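Accompanying notes for the structure given below.
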């Protein structure tokens, strides 16, 4: 079974002590597509598992796709799954026969599930993501210990894995400061600290994510480097640009709707010449992302595809306004 933590929305969700889990059995060739559709319709995470049915000539491989929705709004969750299945039916003939099964997953069941399936994840050349009980020695690698609690984010989803790869690339040498928007379990924030970033600000609107991230910061002993706060960046109002509000590196593993809405704010948060890592974007949504992060302000450094997902690294260009401000500062001295 492969556990996948989906990109977070960055939008506040009600506090809940349980998840609604939907289970749908599909042909293996359609599993990734259905998982992506569930994410676009609001699932906070996806888990897939492969089962072999029959042998020899009758051998068929299917996958069980499991999506997770906040328990506070069951009607919205069911409508979202129906919409995802309708989307799949339009693209894949015969998928109308797929059935959805629902389960309320409390904290105890959640804990049992992720403990069973969370395996160490080797990332790049320097990091390894491990569960708390793993005591394996990994020579020349920095351990990022993650206990997800009731939040998503163990590093196994393609979007998180690609963000970790980008972080490794962009922290050689490490910048002094970094911002992690929609931190989830804090896996990216902890990785930034382990890679040498001295001041990391991690934010999330989900109280369960904030609690899990703070626990993982303590677990990795990076509390002097990582600050976790439960808040959202403003969606429409660009904040005043100050040196304290800008970062050489910003990571935003969010849904495309949140990234597009936050584009002006992120433009103000990334320092001129700094980098922005975006993920949680499907290949079919890449045009929307590029449109929101226009060529006048951003240059694409890298766009990495992983299955249906794209992780993009942008460089913030120096705008004429910022050039004038810096010139005025030099003249005033």
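The values are calculated or read from the model by the stated rules, or taken from the named source; none is laboratory data. The shown structure was predicted, so the numbers you read here are calculated from the model rather than taken from an experiment. Here the Cβ is made from the backbone with ideal geometry for all residues, glycine too, and neighbour counts use every protein chain on show.
Okay, here's what the table says:
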read-out	value
Unique residue being at pLDDT below 95 and either surrounded by 21 or more Cβ atoms within 10 Å (Cβ to Cβ) or in contact with a strand residue (DSSP E or B) (Cβ under 9 Å, 6 or more places away or on another chain) (or both) when the list is 191, 240, 232, 252	232
Residue check, residue 185 out of contact with any strand residue (DSSP E or B) (no Cβ under 7 Å at 6 or more places or on another chain), within 23 Å of residue 208 (Cβ to Cβ) and either crowded, with 20+ Cβ neighbours inside 10 Å or not assigned by TED's automatic domain parsing to the domain that holds residue 216 (or both)	yes
Residue 176 farther than 19 Å from residue 141 by Cα, without any contact (Cβ under 8 Å) to a residue 40 or more places away in the chain and in contact with a strand residue (DSSP E or B) (Cβ under 8 Å, 6 or more places away or on another chain)	no
Residue within region 70-89 that is over 25 Å from residue 153 (Cβ atoms), assigned to a loop (DSSP other than H, G, I, E, B) and at pLDDT 60 or above present	no
